[in-house]
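A.B. asks: Have a look at this one.
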Amino acid sequence: MKKPSTMILNAPVQPCLWFDFQAEEAARFYTSVFPNSRMGTITHYGANAPMPEGTVLTVGFELNGQPWTALNGGAAFPFNPAVSFMVICQTQAEMDHYWSALADDPAQGQCGWLTDRFGLSWQIVPQLMVDLLPTPDTPGKQRLMAAMMGMKKLDIATLQRAFSQA
């Protein structure tokens, strides 16, 4: 079996997040929020680079076993909601954990979407949505979507009731 790289670049496709200068801070924060997470190799800018020598360049890390890279590249490319990361949750307690840990302002989210303190967008989604949206019950899906549209943090019991109501 091949030993994983200490830089955690062993997956064929993985996110690379561009930060102004908070790559290490963000990676440490995210690894504290998700289970089965760890920090990997941290690299630094050398001489004659776009950032001061010794500044963190990249941080390899894993979130629940998924490799990620964080890059300090300066303010040229801020995050926006066009890209978000979905966290599929089994229970309301799990949803509550991620919502409270990640949301910069828990009152500002909409339809399960939130923005963290670094400006990155996340979707905190119950497995229930993943399971029910492909079903042929069109009226149930319409009620489910209507209920979701009125929520900030999603509530599994309310969504289930909306789908099941006759």
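The values are calculated or read from the model by the stated rules, or taken from the named source; none is laboratory data. None of the values given here were measured: they were computed from a predicted structure. Reconstructed Cβ throughout: ideal geometry from the backbone, glycine too, with neighbour counts over all protein chains shown. Just so you know, the surface numbers come from the protein's heavy atoms only, side chains and all, with ligands and any DNA or RNA stripped out. Shrake-Rupley method; radii C 1.70, N 1.55, O 1.52, S 1.80 Å.
A.B. asks: Restricting attention to region 102-127, and to residues there that are open to solvent by 10 Å² or more (accessible area, probe 1.4 Å) and small (Gly, Ala, Ser), which single residue is farthest from Val87 (Cα to Cα)?
C.D. replies: So, considering only residues that are open to solvent by 10 Å² or more (accessible area, probe 1.4 Å) and small (Gly, Ala, Ser), the one farthest from Val87 (Cα to Cα) is Ala107.
A.B. asks: Separate question: Cβ-Cβ distance below 9 Å, separation of 6 or more or different chains: which pairs start in region 29-52 with a residue that is closer than 25 Å to Gln90 by Cα and end on one that is in a loop (DSSP other than H, G, I, E, B) and open to solvent by 50 Å² or more (accessible area, probe 1.4 Å)?
C.D. replies: Phe29/Arg117; Phe34/Asn64; Pro35/Asn64; Asn36/Asn64; Ser37/Asn64
A.B. asks: Every residue in region 29-48 that is under 18 Å from the mean Cα position of the chain (by Cα) and of a type in the set (S, T, N, Q), please.
C.D. replies: Passing the criteria: Thr31, Ser32, Asn36, Ser37.
A.B. asks: Let me ask another. Considering only region 82-104, I want to know if a residue exists there that is of a type outside the set (S, T, N, Q), within 18 Å of the chain's Cα centre (by Cα) and over 24 Å from Ile156 (Cβ atoms).
C.D. replies: So in region 82-104, the residues of a type outside the set (S, T, N, Q) come out as 82-83, 85-89, 93-99, 101-104.
Next, only the ones that are within 18 Å of the chain's Cα centre (by Cα) stay: 82-83, 85-89, 93-99, 101-104.
Cutting the leftovers down to over 24 Å from Ile156 (Cβ atoms) gives us 82-83.
Checking region 82-104: at least one residue is of a type outside the set (S, T, N, Q), within 18 Å of the chain's Cα centre (by Cα) and over 24 Å from Ile156 (Cβ atoms).
A.B. asks: If you take the residues in region 65-101 that are among the polar types (S, T, N, Q) and touching a helix residue (DSSP H, G or I) at 6+ places or on another chain (Cβ under 6 Å), which one is most open to solvent (accessible area, probe 1.4 Å)? Show your work before the answer.
C.D. replies: So the first thing to find is which residues in region 65-101 are among the polar types (S, T, N, Q), and the list is 66, 69, 72, 80, 84, 90-92, 100.
If we keep only those that are touching a helix residue (DSSP H, G or I) at 6+ places or on another chain (Cβ under 6 Å) as well, we get 72, 90, 92.
On the way: Asn72: 3, Gln90: 120, Gln92: 48 Å².
That would be Gln90.
A.B. asks: Can you tell me which residue in region 129-147 is nearest to Ala27 (Cα to Cα), limited to those that are open to solvent by 30 Å² or more (accessible area, probe 1.4 Å) and among the aliphatic types (A, V, I, L, M)?
C.D. replies: Applying the first criterion (open to solvent by 30 Å² or more (accessible area, probe 1.4 Å)) to region 129-147 yields 130-131, 133-139, 141-143, 145-146.
Subset that is among the aliphatic types (A, V, I, L, M): 130, 133, 145-146.
On the way: Val130: 27, Leu133: 32, Met145: 33, Ala146: 35 Å.
Result: Val130.
A.B. asks: Here's a follow-up. For region 3-11, check the following and say yes or no: at least one residue is of a type outside the set (D, E, K, R), at pLDDT 95 or above and open to solvent by 30 Å² or more (accessible area, probe 1.4 Å). Write out each step before concluding.
C.D. replies: Within region 3-11, the first condition is being of a type outside the set (D, E, K, R), and the residues that meet it are 4-11.
From the residues that got through so far, the ones that are at pLDDT 95 or above too are none.
Scanning region 3-11, I find no residue that is of a type outside the set (D, E, K, R), at pLDDT 95 or above and open to solvent by 30 Å² or more (accessible area, probe 1.4 Å), so the answer is no.
A.B. asks: Residues that are among the basic types (Lys, Arg) and free of Cβ contacts under 8 Å to residues at least 24 places away in the same chain, at least 1 per element: which helices (runs of 4 or more DSSP H) completely within region 105-165 meet that? Lay out the reasoning, then the answer.
C.D. replies: Values: elements: 127-132, 138-149, 156-164.
Helices (runs of 4 or more DSSP H) meeting the threshold: 138-149, 156-164.
A.B. asks: Here is a further query. Determine whether Ile88 is within 30 Å of Gly150 (Cα to Cα) and modelled with pLDDT of 95 or more.
C.D. replies: Working: within 30 Å of Gly150 (Cα to Cα): yes; modelled with pLDDT of 95 or more: yes.
Here the answer is yes, as Ile88 does meet what is asked.
A.B. asks: Here is a follow-up. On the basis of being without any contact (Cβ under 8 Å) to a residue 24 or more places away in the chain and surrounded by 16 or more Cβ atoms within 10 Å (Cβ to Cβ), does Glu62 make the cut?
C.D. replies: Working: without any contact (Cβ under 8 Å) to a residue 24 or more places away in the chain: no; surrounded by 16 or more Cβ atoms within 10 Å (Cβ to Cβ): yes.
Judged against the criteria, Glu62 is not a match.
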